[in-house]
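Heads up, the thing below is written out as structure tokens.
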Amino acid sequence: MKVLLASPSVPLHTILPERYRRRHKLWSWLGDEKPILGVQPPYGLLYLSAYLKRAGHEVSFRDGFFHDPATMVEHLRREDIRVVGMTAVSYHWDKAVATATAIRQALPDTFIVVGGAHANALGAAALASAPVFDALVHGDGEETFVEIVDRLAQGTRDLSGIHGVITPEWTGPERAPIREIDDMPFADRSLIDLNDYRPSPFYYRKLPFTAIIGSRGCPYKCTFCHTEVLTRIRSPESLVDEIVHLQQQYGVREVVFYDDTFTLKKRRVVEFCELLLRRGVVISWSANARADSVTPELLRLMRRAGCWRLLFGIESGNQKTLDRMQKKETLGEIRHGIRITRESGIDTYGMFILGYPGESYEDGLRTIAFAQELELDYANFCAVTPFPGTALFREVKDEPGFLGYETMSMFDVSYVSPDITRAELQRLVAESARRFYLRPKYLLSRLSPSKLSDWEDVRRYGRGFAMVVNDFTMRV
Ligand code: B12
């Protein structure tokens, strides 16, 4: 059966603030026309593709960052494709519905299935809110979607009996998460051109670049995050095999691990690094970590094995907020983790949330000051966003300050707690990047040879500063 996998049509010019569009020429001076935004392919769909092909189905892909609905419809009509699999995170849900509606209007018989973070978070409620979809898949989608397409290939639209899928007629029981993730095929990158994708400037060092999903789930229960609690971790052998495959197949020079927390099991990280060194695999890589999960010995080994940056979810400079977020981490542990990471020569990237319930404007300034005090290499400050499926969403969804996930965009606030005003939160977010990056001490620190090792670094920093100066940083 022929299947189109697609992400919602979000043509970049629709999300670029007007002032950015005017200054687009500036970017081209910095080396190419590629959008500075930082776009990644939906890895979930790349996994579905690997499973569908293994089951004998034919797969094509259309990334909504580069395709409007009309070109998707034209492709469906030309290739006579009757099944579409669409992925969506919450702040793109409205775009997913709009894209599916355009397909439905042009090709009414198309069977459209939706999955992804929003579907995982809201399940039946999401499908009820968007009857344009014929079915919704929640949880790991690989096996569920193959069963659905197999069923459609037999000429029936009755999905009863299949686990992990919801239709107006059938609500399947939860599908158990895939346990042996080592046995899964690698994400199918033959569907994409890696050169079409480039992360935002402070997120990578070498191109071509791609991501590896080294585990699924996370045992921590941070209130602002929605992820699978059952954690499954791939073996060091499986990770190194995928890196070698990516180097040989696509000439990849850098990977990022999209594990929620790559350093969850220190033993695995040690074995992974030692295996890279033993097999002589040279690769630049980065990952997500918790500040309380690293040690000087581990960091030295990771640095030797090619790790150039660790991204830490630091969130706030106020202990009361970390406790309220159930982060299970102290400011002291964060200071220690960041210091030893810096001393190991690995760059540090801190993610922060501004405006969390209980935080005043002054608390927000304290968070920005904490980012400066930590001497991070990179920092990203986002307005608190109560994503569906999170404890925070359940806590604030009926508050007058919550404007609903429909209003979520990457460039404006969608929730204002009773402890701060909208104007104060917007000012905090707008000033945060400039207060962090446009400091003489920070600017001077970028001139060291360890930070500026080649022309790509110069261009990266050029783009990064152009984003900061143009106040064009991620908002949510
Ligand atoms: C990798 C990642 C990123 C990457 C790349 C995202 C991308 N590809 O565009 C980066 C770092 C760029 C990123 C950024 C952001 N992210 Co992010 N990200 C993730 C992360 C860690 C992993 C996603 C992933 O690839 N998982 C692996 C694949 C295999 O799983 P999957 O995508 O869920 O797909 C599976 C199923 O969901 C299902 N499925 C998915 N789609 C479909 C479609 C069909 C038809 C079917 C049948 C099944 C199906 O089957 C797939 C295979 O099992 C998740 C957390 C998580 N654990 O999932 C957060 C997550 C998706 N991100 C989130 C958010 C909020 C963001 C940011 C807004 C954060 C920020 N403040 O900057 C930005 C937005 C950037 C953007 N591109 O728009 C939230 C989304 C919450 C929500 N309800 O929408 C998540 C869930 C984090 C969280 N825990 O809250 N992110």
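Numbers at a glance
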| read-out | value |
| --- | --- |
| Output for the range 43-89, where each listed residue is open to solvent by less than 10 Å² (accessible area, probe 1.4 Å) and polar (S, T, N, Q) | Ser49 |
| Residues of the range 90-103 that turn out to be polar (S, T, N, Q) and surrounded by fewer than 22 Cβ atoms within 10 Å (Cβ to Cβ), as a count | 1 |
| Single condition Asp188 does not satisfy, out of (1) surrounded by 13 or more Cβ atoms within 10 Å (Cβ to Cβ); (2) more than 20 Å from the chain's Cα centre (by Cα) | (2) |
| Residue list for the range 104-118, restricted to those being surrounded by fewer than 22 Cβ atoms within 10 Å (Cβ to Cβ) and in a helix (DSSP H, G or I) | Arg104, Gln105, Ala106, Ala117 |
| Residues that are among the β-branched types (Val, Ile, Thr) and either more than 22 Å from Tyr91 (Cβ to Cβ) or open to solvent by 40 Å² or more (accessible area, probe 1.4 Å) (or both), drawn from the range 123-145 | Thr144 |
| Whichever residue in the range 56-83 is over 22 Å from the mean Cα position of the chain (by Cα) and within 13 Å of the ligand (Cβ to nearest atom) and, among such residues, is farthest from Val3 (Cα to Cα) | His57 |
| Enumeration of residues in the range 73-95 that are closer than 26 Å to Tyr405 by Cα and either not in a helix (DSSP H, G or I) or not hydroxyl-bearing (Ser, Thr, Tyr) (or both) | Val84, Gly85, Met86, Thr87, Ala88, Val89, His92, Trp93, Asp94, Lys95 |
| Enumeration of residues in the range 201-217 that are within 12 Å of the ligand (Cβ to nearest atom), within 20 Å of Met467 (Cα to Cα) and open to solvent by 30 Å² or more (accessible area, probe 1.4 Å) | Tyr203 |
| Residues being more than 12 Å from the ligand (Cβ to nearest atom), open to solvent by less than 60 Å² (accessible area, probe 1.4 Å) and in contact (Cβ under 8 Å) with a residue 24 or more places away in the chain - total across the range 156-171 | 1 |
| Ile148 vs. criteria under 25 Å from Ala50 (Cα atoms), open to solvent by less than 20 Å² (accessible area, probe 1.4 Å), modelled with pLDDT of 95 or more and within 12 Å of the ligand (Cβ to nearest atom) | yes |
| Given (1) in contact with a Lys or Arg (Cβ under 6 Å, 6 or more places away or on another chain); (2) more than 11 Å from the ligand (Cβ to nearest atom), index of the condition Thr261 fails | (2) |
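Every residue, every condition in (1) of a type outside the set (Phe, Trp, Tyr); (2) surrounded by fewer than 16 Cβ atoms within 10 Å (Cβ to Cβ); (3) under 24 Å from Ile213 (Cβ atoms), yes or no:
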{"residue": "Arg278", "(1), (2), (3)": "yes, yes, yes"}
{"residue": "Ser284", "(1), (2), (3)": "yes, no, yes"}
{"residue": "Asn288", "(1), (2), (3)": "yes, no, yes"}
{"residue": "Ala291", "(1), (2), (3)": "yes, no, yes"}
{"residue": "Glu297", "(1), (2), (3)": "yes, yes, no"}
{"residue": "Leu310", "(1), (2), (3)": "yes, no, yes"}
{"residue": "Gln319", "(1), (2), (3)": "yes, yes, no"}
{"residue": "Thr330", "(1), (2), (3)": "yes, yes, no"}
{"residue": "Ile334", "(1), (2), (3)": "yes, no, no"}
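The values are calculated or read from the model by the stated rules, or taken from the named source; none is laboratory data. For clarity, every value in this text was computed on a predicted model and none was experimentally measured. Neighbour counts run over all protein chains shown; Cβ positions are idealised from the backbone, glycine included. Note: areas computed on protein heavy atoms with side chains; ligands, DNA, RNA excluded. Shrake-Rupley method; radii C 1.70, N 1.55, O 1.52, S 1.80 Å.
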